[in-house]
Structures are given as C-alpha cells and as structure tokens.
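Asker: Structure in structure tokens, see below.
The values are calculated or read from the model by the stated rules, or taken from the named source; none is laboratory data. Since this is a predicted model, take the numbers as computed values, not measurements. Positions of Cβ are backbone-derived with ideal geometry, glycine not excepted, and every protein chain shown enters the neighbour counts.
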Amino acid sequence: MYGIFMECWVSFKLYFGKPWLAVLLVASALYLIITEKDLRKKIILGILPLVIMAGFLFPVTKKVYVAALDDGSDTYYRILWLIPMYVVIGYAACRIIFSFSKSAWQRIALVVILAVIAMSGSLVYMNQYMSVAENLYHIPQSVIDVCDKIAPGEGGPRVRAVFPSEMVHFVRQYDTKILMPYGREMIATQWDYYNVVYEAMEKAEVINAKELLDATRLTECTYIVLRKDRKIDKDLTELGLELFETVGDYNIYLDPVIMEHG
Amino acid sequence: MQPIVGILSLIFWLLIVPGLSGLSFNFILPRERRTYGISFIVGFLVQMAVFEVVAIMCMTRVVFSAFTYCCRIYTVLALAIAAGGILRSDILLMKGEKSYVTLFPGEAKAGAREMMSPRADFKLFKLYYSKESMVYWGIFFLVLAFQMVMSIVMASFDGDDAYYVVESLLAQQADVMNTILPYTGVSTSLDIRHALAVITMWIAFIAKVSGIHATIVSHVVMPLFFFPLVYLLYVEIGRIIFRAKQYIIPVFMIIVAFLLMFGNVSIYTPATFFFMRTWQGKALVGNLVFPMIFWVFFWMLEDVEKRKLAAGEGVKNTVTGVLFFRNRISPWIMLGLINMLSGACSSMGVIFGSVLIALLTLVLLYFSKRWTVLIGAFCCILPNILYLAMYFSLFNRPA
C-alpha cells in the first residue's frame, strides 16, 4: 500500500510541477473552510477539493482505477481535473481582495495576487512545445512544401511515401491522400511495435540503402523523403530511384518501379 | 471570395445556429436565467446532442459515404431547430414588448422600482457596473483578446493530433467516419475506442460546411470558438457565487484568465490542455464539461437557498406546472445535455462526469433534504449509461 501511495504522490507532484500552484490551491481551500460563512461554498470550494486530493492520494482509489480502465496508469492524474482549481483560487483571491474596504488597497491586492499567480505558475506560451506558427495549419512549412510536390492531383490515386521521423506527425494532418508505411505509432516511445521500413529508415545510424529499398518496395512506397544530411551507405539513385525533387533540406526520391505498377 | 464565404459560414454555424437553437429551447429555463449567455450554452448543448445521435447512428449503420449522410441529416435537423428559434422569437416579439429583454428576460437590469420593491429580489437582476468594474471588464477582454490572437500566432505541438486531427480531416477528405487508420491511411474496422467521441466528426462537419481545411479548423477556429465559451461559463459561475456582489465578477474573470494562462505548470493540467490541445475532446472535458457540471450544481444549490429563504418568509413554496418544470427539472435536463456533450468529447468524460455528479448530488441532497434529487441525478446520467452500454456492445461485437 505504501508503494502505491508513493506512486500517487509522485503523480501528484508531477501534475502540479512547480509546487506553488498546489500550495495556492490548498491554501485557498483552507482559507475558504475557515472564513466562508456560506456552507454551500465552504463545502464545494473548500472541503470537496481537499477530499478529492485525499482520494487521489489514497492507494485504494488508484488500485480500483487501474483495474477498471485499460489505460488507468496513464490517465490517473485526470482525477485531479475534478477539482475546480481555478474557481477555488479565483474565489478565495476575490474574497481577500474585497475584504479591504478602501478601493486603493483592493487594487494593490489584485496586482499582488496576479503577480503571485504569474510567479507561481508558468506561462503557456513559454512552453517548449509552443512556437510561432509558420502557417494557418500550424504544422511545419517544410512538411507542406514536400507534400505539395508528391500529393496526387484531384481524383488521382493515393500515394504512399516514407518520411523522416520529424515529419511523420504532420503529413496526414495536411493531406490524407498521402499514405505512410508507418506513423506516429512507431515514433511514440511508449509503444514498442515493429515495422520493417522504420527499422531500415530510422534505427540504423547509417541507412543501408538496399535494405531500405527492399522495405519500401515491400510496402509499395512511391516516394522516399530523406534529409540531405542523413547518412546513407549508397546514393539511392544508384539503385534505380530518381531524385524527384529537392525541397529545402529534403531530397524526395521517386521509385519508378512502384510508380509503374502502383 | 472563398475565405469570406468560409468565415461567414463559420459565424453562421458556430454563433447563429447555436444562438437561435438557444432561443428555441430557453423556455426550459427559469425566467431570471434566460440570459443571452445561458441561452447560447443551451443552444450549443442541444446542437451537440443532436449531432452526437446523428453521428453515432451514421457511423454504426451506414457503410459508404457515412459522413455525407451524417452532414445531410444533421444539417436538416440543426436548421429546423434554428428555424424554431426564429419562429418562437417572432411569436414572443409579436405578443410582448419589442425588445431584447422579451427574448432574454434574464438580461433585465434592476431599475429603481425593483431596488425599492420589497417583493423583488434585486440580486437576480443584472446590475449596472461602476466605472471601475467597467475598467476591470476591459482588462479581462484585453487578456481574452490576447489569448485569442496568440492561439492564431502560436502553434503547439501535440502527438495526439496525428490521431484526432487526422480523423477530422479523413472525414472531410475521404468521407469516412473512423474507418481509416489515421496514422498510416490503411482501412480498418470501426475504431470503437475513439469512435463514440464524435467531437472530431463535429469539427469535420464545421470544416466541410465552411470549406476550410479541418486542420485549420482544429488548430485555429476551435480555440477562437471555445476560449470565449469557456470564459462565458466562468462568468456564469461567477454570477452565482458573487450573486449579491456582481461587481466582483470582472476581477474574478481576470484572475481566472491569469490562472489559465500561467497554469502550464506541467503537461497534465487543464490549463495546458486548454491552450495546447483545445480541439481535443479531453481538453474540452476538463475545461468545459466539468466546470459546466459545477455551474449547474451551484445553480441548484442557489435555488434551494432561495426556496429556504422564501419558506422562512412564509411564502408558499409549492410550484406546479410550467414553473415546477422550469425551476426543478430544467437543471437536470441541462445536466443530461452536458453528459451528452461529455460523451461527444471523450469516453473518459462519461465516467468522470458521472462520478462528479454523484459527489455533488450528495451535497445537494444534504442541503435540499429532498430524496427526489436522486431521481434527477439518475435521469441525467441515463445518457451516460446508454453511452457505456453502446460502447461495450460495439467493443465486444465481432469485427
């Protein structure tokens, strides 16, 4: 039981990242329990959040949750979503601000509270996975440029192409007429699937061109997209492929054999 | 020309149709809650409920061009409901005063008469805000505008988009509903695990009717639609918890907006999902559905308090007919619709939503001392029970 409790505790700490937001939440809930006169608000915004947090840390909750749901271990943290965190902190903060009778003090209190929130939290736009959008699709422009070159025309048959891993997430968000021999399921670290093209394309430090070509022909890939600086033991054109186009940092190779039979 | 038509189409389907649907159905609400904001929420919930039923029906019954059938049937029903809103407003305006307040009586502001009348509860009226409160509202709207602009200017990366966004795009481009593997493009049997969460299909519908690429609709249009909707919900929560002191609401909203914007303390928080995965069902469950459930319970607890106060003042507390329906039944109907939205967003929402409703019903039971709330709670989770029954029957069905 202690082991499961520690798992819950680790999940709890991971959820709140910086500890200050959790401190703000608990402090707000306790403040409301002590000072709020309206019993309804005291229960929902003060007691209930603490009960949910306690329930989250209680090992039996996790045991039941993991037993009931397939992906229970991965999604256990979502129990904490049941806490109306922003309402609790917002309500407690407003009570503090408006406990001052003079409006000048109220304004100062608001500024201080906003500063505390900013310092205890983390601005979403500073997240490492946030970047300036290159286009309205919000996917890398290089993906769009490559896809535009190989996408079938209106009414044309779909094509299959193999892409380097940094492009895999985005290709089909742009054009579903482009098929891939493998997708995100091979890139995501939590799954451990086998795919022959992926093995040849991504696993080796230096690509074995013959192995890659065998794999792409087996899966009927018309195009192979490679970064220009990707190490490969032999130029693909020497094995009968054509350099179809170079777009930015990427070479697009066309396999005439698949093109003809596909 | 095409972008203009697309934008007009988005305004029609995301603002006008839910707004008119709200006018069709806001009669279920008590008079003081028939504001534009709550009516819009009702309209949106009704539209999502209808879409969910149509989408699941088409997905499980139609083999070829399922999405086209889904769009056609839903378009007819959605427009019929919206037309009902126009018809009802015409009738109301013909009968009563030709004013905005006739359609949304909850928007009425307390005048001198209401403030002085011993019979009127001025707290239920909207108040005129002071200059300082108006400044706070201004600051809040600036923060909201900043967040909306940033949702266009900044792109977030999330691996799950390779699944959810592509499901929407597949519906738009290949006319299928969850029968092609998003990652690679090979055909598959209906993916039950995600299929009943039809929010991806709704996004595809918006993309199809507007002619805008589903990925743009997901990444750009959805935040522009859901950010104000989520904040509207917090305004409604604020209106109840600060009922006697409505001038606090804009300050509350500024704080909530800051909490969300600075809430990216980990990849797990609702705030992170709100800004970085707005278009994914689970983000909507955490940021729209759960706060909605809290809002409706605040609403019911406020009603309980009002009834207790009325009883204390010797006012007869038995309501029948339409009033009974509006005061006692409508919140449960709202919860039923919220549960349907929850299912449309994520199967996880159905389970978590039911647990949250059970918890809050216990609180309501304690205050109301009426066992009938248990019946209400049971009836409102019927959509969840049906959803889970369908989920497991499809899951165990031979391929």
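Asker: Kindly indicate whether A:GLU134 is in a loop (DSSP other than H, G, I, E, B) and within 22 Å of the chain's Cα centre (by Cα).
Answerer: Details: in a loop (DSSP other than H, G, I, E, B): yes; within 22 Å of the chain's Cα centre (by Cα): yes.
Answer is yes for this residue.
Asker: The conditions are (1) aliphatic (A, V, I, L, M); (2) farther than 30 Å from B:ALA389 by Cβ; (3) within 23 Å of the chain's Cα centre (by Cα), and B:VAL165 fails exactly one of them. Which is it?
Answerer: Checking B:VAL165 against (1) aliphatic (A, V, I, L, M); (2) farther than 30 Å from B:ALA389 by Cβ; (3) within 23 Å of the chain's Cα centre (by Cα), the one that fails is (2).
Asker: Restricting the first residue to the range A:96-122 and requiring it to be more than 9 Å from every other protein chain (Cβ to nearest Cβ) and under 17 Å from A:ALA27 (Cα atoms), which pairs with a second residue that is modelled with pLDDT under 95 and buried (at least 18 other Cβ atoms within 10 Å of the Cβ) meet a Cβ separation below 6 Å and a spacing of at least six or different chains?
Answerer: Within 6 Å, no pair qualifies.
Asker: Please state which one of A:LEU136, A:LEU69 is outside the structural domain of A:PHE16 (by TED's automatic domain parsing), aliphatic (A, V, I, L, M) and closer than 23 Å to B:ASP161 by Cα.
Answerer: It is A:LEU136.
Asker: From the set of residues in the range A:1-39 that are closer than 29 Å to B:PHE242 by Cα and of a type in the set (D, E, K, R), which is farthest from the other protein chains (Cβ to nearest Cβ)?
Answerer: A:LYS37
Asker: If you go through the range A:10-30 one residue at a time, do you hit one that is surrounded by 14 or more Cβ atoms within 10 Å (Cβ to Cβ), out of contact with any helix residue (DSSP H, G or I) (no Cβ under 6 Å at 6 or more places or on another chain) and under 30 Å from B:PHE392 (Cβ atoms)?
Answerer: Checking the range A:10-30: not a single residue is surrounded by 14 or more Cβ atoms within 10 Å (Cβ to Cβ), out of contact with any helix residue (DSSP H, G or I) (no Cβ under 6 Å at 6 or more places or on another chain) and under 30 Å from B:PHE392 (Cβ atoms).
Asker: Those residues that are modelled with pLDDT under 90, more than 8 Å from chain B (Cβ to nearest Cβ) and surrounded by fewer than 19 Cβ atoms within 10 Å (Cβ to Cβ), I need them from the range A:153-194; list them, please.
Answerer: Once the filter is applied, which keeps residues that are modelled with pLDDT under 90, more than 8 Å from chain B (Cβ to nearest Cβ) and surrounded by fewer than 19 Cβ atoms within 10 Å (Cβ to Cβ), the range A:153-194 yields A:GLY153, A:GLU154, A:GLY155, A:GLY156, A:PRO157, A:THR189, A:GLN190, A:TRP191, A:ASP192, A:TYR193, A:TYR194.
Asker: Specify the residue that is nearest to the chain's Cα centre (by Cα); the eligible residues are those in the range B:61-75 that are hydroxyl-bearing (Ser, Thr, Tyr) and under 17 Å from B:SER168 (Cα atoms). Steps first, please.
Answerer: At the first step, the residues of the range B:61-75 found to be hydroxyl-bearing (Ser, Thr, Tyr) are B:65, B:68-69, B:74-75.
In the following step, the residues that additionally are under 17 Å from B:SER168 (Cα atoms) were identified as B:65, B:68-69, B:74.
On the way: B:SER65: 29, B:THR68: 25, B:TYR69: 25, B:TYR74: 18 Å.
That would be B:TYR74.
Asker: Out of all the residues in the range A:115-131, which are under 14 Å from A:GLY17 (Cα atoms) and small (Gly, Ala, Ser)?
Answerer: Result: A:SER120, A:GLY121, A:SER122.
Asker: Now for a separate question. Go through (1) surrounded by fewer than 21 Cβ atoms within 10 Å (Cβ to Cβ); (2) within 14 Å of chain A (Cβ to nearest Cβ) one by one and return the number of the condition B:PHE378 breaks.
Answerer: Unmet condition: (2).
Asker: So B:ALA214 fits all but one of (1) within 12 Å of chain A (Cβ to nearest Cβ); (2) surrounded by fewer than 20 Cβ atoms within 10 Å (Cβ to Cβ); (3) closer than 24 Å to B:SER342 by Cβ; what number is the exception?
Answerer: Every listed condition holds for B:ALA214 apart from (2).
Asker: In the set B:VAL265, B:VAL322, B:VAL285, which member is in a helix (DSSP H, G or I), of a type in the set (Val, Ile, Thr) and within 12 Å of another protein chain (Cβ to nearest Cβ)?
Answerer: None of the other options fit; the residue is B:VAL285.
Asker: Taking B:GLY238 as meeting all but one of (1) of a type outside the set (A, V, I, L, M, F, W, C); (2) facing chain A (nearest Cβ under 10 Å); (3) touching a helix residue (DSSP H, G or I) at 6+ places or on another chain (Cβ under 6 Å); (4) farther than 20 Å from B:GLN147 by Cβ, write down the number of the exception.
Answerer: All conditions pass for B:GLY238, except number (4).
Asker: Can you tell me how many residues in the range B:334-379 are under 19 Å from the mean Cα position of the chain (by Cα), in a helix (DSSP H, G or I) and among the polar types (S, T, N, Q)?
Answerer: Here the count works out to 4.
Asker: Name the single residue, out of those in the range A:95-123 being among the basic types (Lys, Arg) and in a helix (DSSP H, G or I), that is farthest from B:TYR136 (Cα to Cα).
Answerer: It comes out as A:ARG95.
Asker: Check every one of the helices (runs of 4 or more DSSP H) wholly within the range B:124-212 and list those with 1 or more residues that are closer than 15 Å to A:THR176 by Cα.
Answerer: Ranges flagged: B:161-174, B:199-210.
Asker: Return the pairs, sorted by first residue and then second, in which the second residue is of a type in the set (D, E, K, R) and surrounded by 15 or more Cβ atoms within 10 Å (Cβ to Cβ), the first residue lies in the range B:52-76 and is closer than 13 Å to B:VAL176 by Cα, the beta carbons are less than 7 Å apart, and the residues are 6+ apart or on different chains.
Answerer: Note: pairs meeting the criteria are B:SER65/B:ASP175; B:PHE67/B:ASP175; B:THR68/B:ASP175; B:CYS71/B:LYS208.
Asker: Which of the residues that make up the range A:123-152 are more than 16 Å from A:LEU179 (Cα to Cα), among the small types (Gly, Ala, Ser) and more than 7 Å from every other protein chain (Cβ to nearest Cβ)?
Answerer: Within the range A:123-152, the first condition is being more than 16 Å from A:LEU179 (Cα to Cα), and the residues that meet it are A:123-142, A:145.
Remaining after also requiring among the small types (Gly, Ala, Ser): A:131, A:133, A:142.
Of everything in the range A:123-152, just one residue is more than 16 Å from A:LEU179 (Cα to Cα), among the small types (Gly, Ala, Ser) and more than 7 Å from every other protein chain (Cβ to nearest Cβ), namely A:SER142.
Asker: Do we have A:THR246 as loosely packed, with under 13 Cβ neighbours inside 10 Å and closer than 17 Å to A:VAL146 by Cβ here?
Answerer: Spelling it out, A:THR246 is indeed loosely packed, with under 13 Cβ neighbours inside 10 Å and closer than 17 Å to A:VAL146 by Cβ.
Asker: Hey, can you tell me all the residues within the range A:226-260 that are in contact (Cβ under 8 Å) with a residue 40 or more places away in the chain and not in a strand (DSSP E or B)?
Answerer: A:ARG230, A:GLY248, A:ASP249, A:ASP255, A:VAL257, A:ILE258
Asker: When you check B:LEU224 against the structure, is it surrounded by fewer than 19 Cβ atoms within 10 Å (Cβ to Cβ) and under 19 Å from the mean Cα position of the chain (by Cα), yes or no?
Answerer: Here the answer is yes, as B:LEU224 does meet what is asked.
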